[in-house]
Amino acid sequence: MKNIIAELQWRGLVHDIMPGTEEQLLKEMTTTYIGFDPTSDSLHIGSLVPIILLVHLKNFGHKPIALIGGATGMIGDPSGKSDERNLLDETTLAKNVIGIKAVLSRFLDFNSVEINAPVLVNNYDWMKTFTFIDFAREVGKRITVNYMMAKDSVKKRLTGEGEGMSFTEFTYQLIQGYDFYHLHKEYNCLLQMGGSDQWGNITTGTELVRRMNVGEEAKAFAMTCPLITKADGSKFGKSEGGNVWLTADKTSVYKFYQFWLNTTDVDAEKYIKIFTFLDEATINALIEEHKTAPHLRVLQRKLAEELTVFVHSKEDLENAIKASGILFGNATSEDLKQLNEATFLEVFDGVPQAEIARTEIEAGITIVDVLNEKTGFLKSNGEARRALTANSISVNREKVTEEFVLSTKDLINNQFVLLQSGKKNYFVIRVV
């Protein structure tokens, strides 16, 4: 087996690792799982690292299991949280599980017939028939309260200023631990991975596997990756509009592409190792190229391109690049007309708008009337004429003169017109 740990280490993806883990991964194909709690019906870029870990495992010949926490999601993981989570109702939870399955299926082929084909499981399937009495006898008996209380995720909640921790959340680590035992028994899963905040939960799982088995059957390993932060120490994964999601209905491809494009030089150098599958030599060459001309943003562009294709598609990347060119490049009228409605509205989000009746457009409107009377973009007909004489007015990125008449042939997506005065003043006409 190729050394996946060495690969993950130079990428900055190893935080804690249990002794023997690297040797196990070098010895044979190893079944490994990572859990995803269904707190939403999609996943955001905070989940990209565990997804990428699963893909690396598959690429290195190991067998990845993606676990959706249909059961654990009913409780809520206390790790890294200062207050009790609100419990989700079953309808919301079921909807979230379906959404997360759909997202994970874009990155891993769960229908593959290869020997190391990825597996998708839901822990609700084995927890739903587990009675409280059986759980207390089979699982609760194996782990002491002293052991559970020593976990950082528990200590922080008990010594903090909040309301402490409910018994429900206290049991979370046992249920996650039982997941590891179940997958160990059913799939010979020997390794669990996750974020560094999961170390306590994961090691409870390895402990449970050891205490519920004997000899070679008691083998279990753990590894965590660092929680990703920005260079300034702020939380990774948020933009001005909130979370950056992996589905276009929550975060448009254009905004997703722009998020990566706008990373700082320091972050881009770190992120290109973590979030792409480019090899070390290629990444080092890109870093050196970036240092010689930082203003060209070579690293950010490559990062944005690789991730947009990985999460969405090549076609989506091309549309996002076109959309970026509309605002920041030398886009043409034809480029504008190729944007779909959602992307167009994303690009010009916040730009002033006015509505004009379709019948008026069909009849044709002089550009002077468009600029003043019909939209109020410019304050008067005189200002409109002066701007036109100065050659500073564009319709759909093409310069126009006072003789120009706006008609249906100028519509973008049969419903928009983009006006521009000078370099930075935009206005959108919506045809109704």
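Miscellaneous remarks
- Failed item, numbered, when ALA285 is tested on (1) surrounded by fewer than 21 Cβ atoms within 10 Å (Cβ to Cβ); (2) modelled with pLDDT of 95 or more; (3) within 25 Å of ALA323 (Cα to Cα); (4) of a type in the set (Gly, Ala, Ser): (3)
Conditions tested, residue by residue: (1) under 32 Å from the mean Cα position of the chain (by Cα); (2) under 30 Å from GLU315 (Cα atoms).
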{"position": "LEU336", "(1), (2)": "yes, yes"}
{"position": "LEU339", "(1), (2)": "yes, yes"}
{"position": "LEU345", "(1), (2)": "yes, yes"}
{"position": "VAL351", "(1), (2)": "yes, yes"}
{"position": "THR375", "(1), (2)": "no, no"}
{"position": "ILE393", "(1), (2)": "no, no"}
{"position": "ARG397", "(1), (2)": "no, yes"}
{"position": "LEU418", "(1), (2)": "yes, yes"}
{"position": "VAL428", "(1), (2)": "yes, yes"}
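- The residues of region 421-432 that are at pLDDT below 90 and of a type in the set (S, T, N, Q) amount to a single one, ASN425.
- Residues of region 150-191 that are open to solvent by 80 Å² or more (accessible area, probe 1.4 Å) and among the aliphatic types (A, V, I, L, M): LEU158 alone.
- Restricting attention to region 269-312, the residues that are among the hydroxyl-bearing types (Ser, Thr, Tyr) and under 16 Å from the mean Cα position of the chain (by Cα) add up to 3.
- Residue within region 215-236 that is modelled with pLDDT of 95 or more and either in a loop (DSSP other than H, G, I, E, B) or more than 25 Å from the chain's Cα centre (by Cα) (or both) present: yes
- Test: LYS270 is in a helix (DSSP H, G or I), closer than 20 Å to LEU13 by Cβ and out of contact with any strand residue (DSSP E or B) (no Cβ under 7 Å at 6 or more places or on another chain): yes
- Search result, residues across region 105-149 that are open to solvent by 100 Å² or more (accessible area, probe 1.4 Å), of a type in the set (A, V, I, L, M, F, W, C) and either part of a loop (DSSP other than H, G, I, E, B) or at pLDDT below 90 (or both): VAL113, ILE115
- Here GLU23 passes the criteria (1) in a loop (DSSP other than H, G, I, E, B); (2) modelled with pLDDT of 95 or more; (3) open to solvent by 20 Å² or more (accessible area, probe 1.4 Å) except the one numbered (1).
- Residue check, LYS255 farther than 30 Å from LYS27 by Cα, open to solvent by 40 Å² or more (accessible area, probe 1.4 Å) and in a helix (DSSP H, G or I): yes
- As a summary of the residue check, ALA102 satisfies the conditions (1) farther than 22 Å from HIS182 by Cβ; (2) in a loop (DSSP other than H, G, I, E, B); (3) of a type outside the set (Lys, Arg) except for the one numbered (2).
- Selected residue (criterion: nearest to LEU8 (Cα to Cα)) from residues of region 36-50 that are in contact with a helix residue (DSSP H, G or I) (Cβ under 7 Å, 6 or more places away or on another chain) and not in a loop (DSSP other than H, G, I, E, B): VAL49
- When the test is whether a residue is farther than 30 Å from PRO19 by Cα and open to solvent by less than 30 Å² (accessible area, probe 1.4 Å), GLY205 does not pass it.
The values are calculated or read from the model by the stated rules, or taken from the named source; none is laboratory data. All values reported here derive from a predicted model rather than from experimental measurement. Heads up, the Cβs are rebuilt from the backbone with ideal geometry, glycines too, and the neighbour counts pull from every protein chain shown. Accessible surface areas use protein heavy atoms only, side chains included; no ligands, DNA or RNA. Shrake-Rupley method; radii C 1.70, N 1.55, O 1.52, S 1.80 Å.
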